[in-house]
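For reference, the structure discussed in these notes is given below.
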Amino acid sequence: MKEVDALESRLACPACAAAAIRLSELDGRCGECGTFFPVIDSLPWLFPEPEVALSEWRGRLHLLLEHLSREAALHRRDLERAHPGELTRQRLRHLASSYEDQGRRVAELLAPIGLGARQERYEVHLALGTRLPLSQGLTTYYSNVHRDWSWGEEENRVSLEAVRNGLGALDPAGALLVLGSGAGRLAYDLHQSSSHTLTVALDFNPLLATIGQRVSTGEAVELYEFPIAPRSIAAHAVLRRLAAPAPARPGLRFVLADALATPFRAGAFDVVLTPWFVDIVPDPLPALMRRLNRLLPKGGRWVVFGSLAWADRPPAECFSLEELLALAPEAGFEPMLQAEHEIPYMRSPASRHARLESAVCACFVKRREVEPAARPATRPDWLERSDVAVPALPEFREQALSTRVYAFIMAMIDGQRSIRDMAALMEQQRLMPAADAEPAIRRFLQRMHEDARRRADF
Ligand SMILES: C[S@@+](CC[C@H](N)C(=O)[O-])C[C@H]1O[C@@H](n2cnc3c(N)ncnc32)[C@H](O)[C@@H]1O
């Protein structure tokens, strides 16, 4: 079976759930609801609303490029203004030119998704960004790229061994789905070290998926690594050649999609692997497990791999391994095997920062069907849709007032007034007694100053 057919025969429309997607090398369409799925740079965009996803990621690409060019400008400015010593000049020059070069490289790599001319200003994005934090930017897991395809041989080998032991033999006619595959090395290694028909590497980040896709077809991509704790001046920005040991054998497919609204039919995969994934998605684990159940036939396996480091969620949802095992039967799974592995993690040779993680690899077998969980209502309707009235909630009114106060303070900055002058004006406007206003303005200005210098994650 051709690769595209092997994938197509497992697809279901993420918008209407009909098993009616026609997919070619060029594009895809749902025969039922008519949703159009672009295929860009060999990557099918299989989101429920592909155009919305495309526009969001284009916006983040635009922001990332602006950010890189601002970093370059900041370093050049310090070169001129700070009168640094020769070594510091070397570092600033090296970083400035690396940021510029990285911008050119990222723009070229992602040119196929189309940047277009954006109307909005960087400042507008920053302002909105502070209100609506984008927890997943293009570079959120950027260091994975270098670990996967440049210096991470040992880490990749240990991870592969751990997962291979957990999932056992793969049926040669079978299909493996890797959810949240990132830059794709584990999916590639599993595909290469087995003879099964199809491995689908699914992620929603086009930078990571594009790199995985290109590199695994034998192309080399060159991008900079900016290590956390550089060992030397040169190590502040290292141009890395990202390449696979060999082009992948047929049957490895990268797709862009939302793991919480997967574009697949029920029972489409023999094995679903979630590496370093279940603890970073907003879906509570019991709901996620039900969603995974649907993707497998009875007897199919789910393999969870990672350190179970839950963040930003209610305490009752930060599950330990014991709870995970106990929850499994309710989601139709029987726990089969668990093992702990010490894994070196993100040990870049250019950085003094590195981690050692204890990762669990647990394998479950699907024993019965369960009712799938409804799509998580993480956002209310008025946030999800553009045509629903935004309610005038009390918290919005409060924020509107404080935003006006912020704007008032910022407008007082004219290059002449001191904090004391501003506090006096605040008192005149009956906003606050001057004695209270002085420390409050100082704190506010300090925060604004720090915010402006903070590096954003795009
Ligand atoms: C911690 S990283 C792990 C990446 C990879 N599995 C690895 O081990 O290197 C989590 C990955 O999940 C992806 N991800 C997060 N939420 C997702 C979603 N709703 N749909 C698809 N991918 C998602 C991120 O883009 C990221 O690549």
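Let's see how each residue does on (1) open to solvent by less than 60 Å² (accessible area, probe 1.4 Å); (2) modelled with pLDDT of 95 or more; (3) in contact with a Gly (Cβ under 8 Å, 6 or more places away or on another chain):
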position	(1), (2), (3)
Ala12	yes, yes, no
Ser24	yes, no, no
Arg60	yes, no, yes
Ala72	yes, yes, yes
Ser98	yes, yes, no
Glu108	no, yes, no
The range 384-412 residues that are under 27 Å from Met448 (Cα atoms), paired with ones that are open to solvent by 80 Å² or more (accessible area, probe 1.4 Å) (beta carbon under 8 Å, 6 or more apart): Phe396/Val390; Val405/Leu431; Phe408/Gln429; Phe408/Leu431
Pairs where the first residue, in the range 268-281, is in contact (Cβ under 8 Å) with a residue 24 or more places away in the chain and assigned by TED's automatic domain parsing to the domain that holds Asn293 and the second is assigned to a loop (DSSP other than H, G, I, E, B) and open to solvent by 10 Å² or more (accessible area, probe 1.4 Å), C-beta under 6 Å, 6+ apart: Ala268/Arg10; Asp270/Asp171; Phe277/Gly180; Asp279/Leu308; Asp279/Ala309; Asp279/Trp310
Which listed residue, of Leu256, Leu242, Leu179, Leu207, is away from the ligand (no atom under 12 Å from the Cβ) and aliphatic (A, V, I, L, M): Leu242
Qualifying helices (runs of 4 or more DSSP H) (wholly inside the range 129-207; at least 2 residues being open to solvent by less than 30 Å² (accessible area, probe 1.4 Å) and of a type in the set (D, E, K, R)): none
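Out of the residues in the range 400-431 meeting the condition of being open to solvent by 100 Å² or more (accessible area, probe 1.4 Å) and not hydrophobic (A, V, I, L, M, F, W, C), tell me which one is modelled with the lowest pLDDT.
Of the residues in the range 400-431, the ones open to solvent by 100 Å² or more (accessible area, probe 1.4 Å) are 401, 404, 416, 420, 428-430.
Filter again for not hydrophobic (A, V, I, L, M, F, W, C), leaving 404, 416, 420, 428-430.
On the way: Arg404: 79, Gln416: 93, Arg420: 92, Gln428: 89, Gln429: 86, Arg430: 84.
So, considering only residues that are open to solvent by 100 Å² or more (accessible area, probe 1.4 Å) and not hydrophobic (A, V, I, L, M, F, W, C), the one modelled with the lowest pLDDT is Arg404.
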Residue among Arg104, Arg93, Arg29 that is open to solvent by 40 Å² or more (accessible area, probe 1.4 Å), at pLDDT 95 or above, touching a Ser or Thr at 6+ places or on another chain (Cβ under 9 Å) and of a type in the set (D, E, K, R): Arg29
Elements of type strands (runs of 3 or more DSSP E) in the range 208-313, at least 1 residues being within 20 Å of Val106 (Cβ to Cβ) and open to solvent by 40 Å² or more (accessible area, probe 1.4 Å): 221-225, 238-242
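The values are calculated or read from the model by the stated rules, or taken from the named source; none is laboratory data. This is a predicted model, so every value here is computed, not measured. Counting neighbours? That spans all protein chains shown, and the Cβs are built from the backbone with ideal geometry, glycine included. All accessible areas refer to the heavy atoms of the entire protein, side chains included, with ligands and DNA or RNA removed. Shrake-Rupley method; radii C 1.70, N 1.55, O 1.52, S 1.80 Å.
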